[in-house]
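I have placed the structure first, in the form of structure tokens, so that the comments after it can refer back to it.
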């Protein structure tokens, strides 16, 4: 069905399907309050799972599951030292992504308004 008005041009996609899929997977990992909290907590440097459990009030198993999702999406890295595994942001892009996303959410009123 043809539109009832004319457009100067039809937009064309700049991203291929694989890129869109990867982007959606990454952003879905950020779509959880507790995973965002973990990213915030490790934003200043390495933290071990027991520290994260204490800081979030969640059990070690729950924190480990959240870390697994973040690690699978390439948002964090891990390093073993003896019995401890330390987690850190994968790179500066992760911090930027979280900060920009939160800033935008606050700017639009947390999704409850704005246009």
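A few comments on the model shown:
- Taking each residue of region 95-115 that is more than 23 Å from residue 74 (Cα to Cα) and looking for partners that are at pLDDT 90 or above and assigned to a helix (DSSP H, G or I) with beta-carbon atoms closer than 9 Å, six or more apart or interchain, yields 111/105; 114/107.
- The residues of region 42-60 that are within 30 Å of residue 19 (Cβ to Cβ) and crowded, with 16+ Cβ neighbours inside 10 Å amount to a single one, 42.
- Each residue in region 55-86 was checked for being within 16 Å of residue 32 (Cβ to Cβ) and part of a strand (DSSP E or B), and 1 pass.
- When residues of region 73-86 are limited to those that are touching a residue at least 40 places away in the same chain (Cβ under 8 Å) and closer than 16 Å to residue 30 by Cβ, the one surrounded by the most Cβ atoms within 10 Å (Cβ to Cβ): 75
- Residue 63 falls short on exactly one of the conditions (1) farther than 20 Å from residue 96 by Cβ; (2) within 16 Å of the chain's Cα centre (by Cα); (3) surrounded by fewer than 15 Cβ atoms within 10 Å (Cβ to Cβ), and that condition is (3).
- Residue check for residue 20: under 25 Å from residue 79 (Cα atoms) and outside any loop (DSSP other than H, G, I, E, B): no
- Among the residues of region 23-52, those that are in contact with a helix residue (DSSP H, G or I) (Cβ under 8 Å, 6 or more places away or on another chain), at pLDDT 95 or above and in a loop (DSSP other than H, G, I, E, B) comprise 32, 42.
The values are calculated or read from the model by the stated rules, or taken from the named source; none is laboratory data. What you see is a predicted model, and the numbers here were worked out from it, not measured in a lab. Using ideal geometry, Cβ is built from the backbone for each residue, glycine included, and neighbour counts are taken over all protein chains shown.
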